[in-house]
Every structure is written in C-alpha cells, then in structure tokens.
Amino acid sequence: MIPEEHTVPFATDGLVYHRDPPPGTREHWILVDGPSVVTGRDGTLLSDPAACRTVLADDPDRFMIGYDPRGSWCAVPISGSVLLPDGYARTHLRSLYGVIPDDLLGIASRAVALSRFFHTHRFCGICGAEMNRKEDEIATLCPSCGHIGYPVINPVVIVCIRQGDRILLARSPRFLPAVYGVIAGFVEAGETLEQAVAREVAEEVGIAIDTIRYRCSQPWPFPHSLMVGFTASYAGGSIRIDPNEIGEAGWYSYESLPTLPAAGSITRILIDLVVEEISRDTKS
C-alpha cells in the first residue's frame, strides 16, 4: 500500500453515494462541461447554487452524486454555448489539483465522470430508444425494453519496473517529448490485472518481469478509467520498443531521472515509491 504521505488525487473520500441525504440538507452544485468545471472569480470551484444561477438562464437539469457533512452535491451539465460572466471560467479538472482541497477535487471528479456517462449513454444499446435517467440510482433506464445502463469504468494497469538501483522509464510519442513515465495499458477481456501488467510490458518494451505487486489505484475521469498501480522487478530480456506506443525507453538511475510528470498522477506516485524504496535499500 502507499505510504501515508502520498495522496491519491481525483478520489472521493467520505462522500455517501447510495442513500438519500437527511431532510433539509444544503445543496451544492458543480457546473460541468466535458472535462472542465466552472470556477469563480477567485479561481476556485463554483459550488454555491445562487452563484451558479447567475451563470444559467433557467433552473438547470441536475443530478445528485452524493452527500457529506457539508450537504448534498449535484452535477449540473452545461453546454459549450453557455456564456460565463467576466471572471468565471471553464477550468480543466487537472488544473485544479493543488488549487482546491483534495476532497473537493474528488467530488468534482465524480461530477465530471458521471456527467460524461449520461452524455454518452443517451440511447439504448439494445433497441435504440432514448434513455431516461433512473431516479433511484446513477443509471439509465430504457422506457421501451427496460434495459438498465450503469456507468462504465475501464480498468488500466500501470507499472513502475525496477532493476537494482535503476527504473525503467518511457516516453510516449503522443506526449511532450521531455516528459517520461511508466508502462500502462487497458486490461483485456479474460485477463487478470497481473496478466495485463506482464503482457503490456512485453508488448511495449519487450522485457519480462516478476514480483508484480499491487500498490495503489486512482480514479481517472478522462474520461472514465480506473488506474491500477503496480511495481515489478526486471526478470530478463532487452528493451525493444513498440514504436506505435513508445517513442523511447531506457533504464535510469534513481539519482538521475529525466523530467517526470507533475504531481497529481499515479505515474508520479509509483515512481516516487520506487525511488524511496531504492534509496532505503542503498542506505541499508
């Protein structure tokens, strides 16, 4: 498990999902447009309904995503055509890491993920009829055939690999050329998480691994993934990259790492964990 000093951004903590809030509970709104939420003039999350109403022409369509001691929280999907007053902005959720408290970031993450679900599941996958939002749970209900649709969560494995005092780091051709991360990929049907880790490593960099160990997970609402983090040890082979997935990969000393992703991603959490472990082993 991850040490206490590590936090997992975008995770909800203390939010009650599947029960009605107590009577008279105060309502909070989060205005959502794709992966972005509306922030106020102070640059922080806009959540007061009265302030939100100054942005919206009519009382909005909204749905509750949970409640905590501060009150109930509702997601309010808005379209890109909604004009914001001066000082208000659509702010990408990732930009709010370190700006708003972690618990609010988790609530906003849930609002973004579930708004995306309802937007992409407007029609029944069985009969094609327009879906209704289910009243008693976060789901869609087909009025024609009765099919119920639930939020989709795609599991993605991600692994930091150690060889002695070195770490395997790779650069994706799709990302900034100066930033290096670790190996990741979607879990295939019929796979265990550990099998997916070993397969992705073999496919992307051509090496074998062992001592695959679960470390932590992170909700990743861009758009609807769950990142499942592992560490592993090098077990053999030479690096042979898949150029469709990897632009460059190599072994780096834990004391001389290239530019890494900023804090706020499970990639950085896993790398920091392995660096700490190597440092402890070296000192001992």
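I need Val228, Val37 ordered by Cβ neighbour count within 10 Å, fewest first.
Going from sparsest to densest Cβ surroundings: Val228, Val37.
Calculate the FRET efficiency for Asp136 and Ser279 from the Cβ-Cβ distance with a Förster distance of 45 Å, rounded to the nearest 0.05.
With a Förster radius of 45 Å, E is 0.30.
Mind jotting down the distance between the C-alpha centroids of the range 228-284 and the range 26-70, whole Å?
Centre-to-centre distance over Cα atoms comes out at 39 Å.
Of all the C-alpha pairs in the chain, what % are more than 30 Å from each other?
41
Please list, by residue number, every one of the chymotrypsin sites (Phe, Trp or Tyr not before Pro) in the range 174-219 that is coil in DSSP and has at most 16 other beta-carbon atoms within 10 Å.
Phe175
Which FRET efficiency, nearest 0.05, do Asp103 and Ser144 yield, Cβ-Cβ r, R0 25 Å?
For R0 = 25 Å, the calculated efficiency reads 0.05.
May I ask you to derive the relative contact order of the chain, considering only C-alpha pairs under 8 Å and at least 6 residues apart, and to give it as an integer percent?
Relative contact order of the chain: 18 percent.
Mind checking the full-extension length gain between Ser238 and Ser95? Use 0.36 nm per residue of separation minus the Cα-Cα distance, one decimal, nm.
Between Ser238 and Ser95, full extension yields an extra 47.7 nm.
So what are the ³J(HN,Hα) numbers for the range 17-27, from phi and the Karplus equation (6.51, -1.76, 1.60; θ = phi - 60°), rounded to whole Hz, Gly and Pro as x?
Running phi through 6.51 cos²θ - 1.76 cosθ + 1.60 with θ = phi - 60° gives 9, 10, 10, 5, x, x, x, x, 5, 5, 9 Hz.
Could you state the number of Å between the C-alpha centres of the range 71-87 and the range 165-208?
37
Counting only helical runs of four or more DSSP H residues, what would the 222 nm mean residue ellipticity of the chain come to if each run contributes -39,500 (n - 2.57) and the total is spread over all its residues?
Calculated at 222 nm, the ellipticity per residue is -6000 deg cm²/dmol.
Work out from phi, with θ = phi - 60° and the Karplus expression 6.51 cos²θ - 1.76 cosθ + 1.60, the ³J(HN,Hα) of each residue of the range 218-228, listed in order in whole Hz, and give x for Gly and Pro.
Result, ordered by residue: 8, x, 9, x, 10, x, 7, 10, 10, 7, 10 Hz.
Kirkwood hydrodynamic radius of the range 154-283 from all distinct Cα pairs, in Å? Could you put the intermediate results ahead of the total?
Values: mean 1/r = 0.0681 Å⁻¹.
After inverting the mean inverse Cα-Cα distance, the result is 14.7 Å.
Values quoted throughout were computed directly from the atomic coordinates according to the rules given, and no laboratory measurement underlies them. The model shown is predicted, which means the values in this text are computed figures rather than measured ones. In this analysis, Cβ positions are derived from the backbone assuming ideal geometry, glycine residues included, and neighbour counts consider all displayed protein chains.
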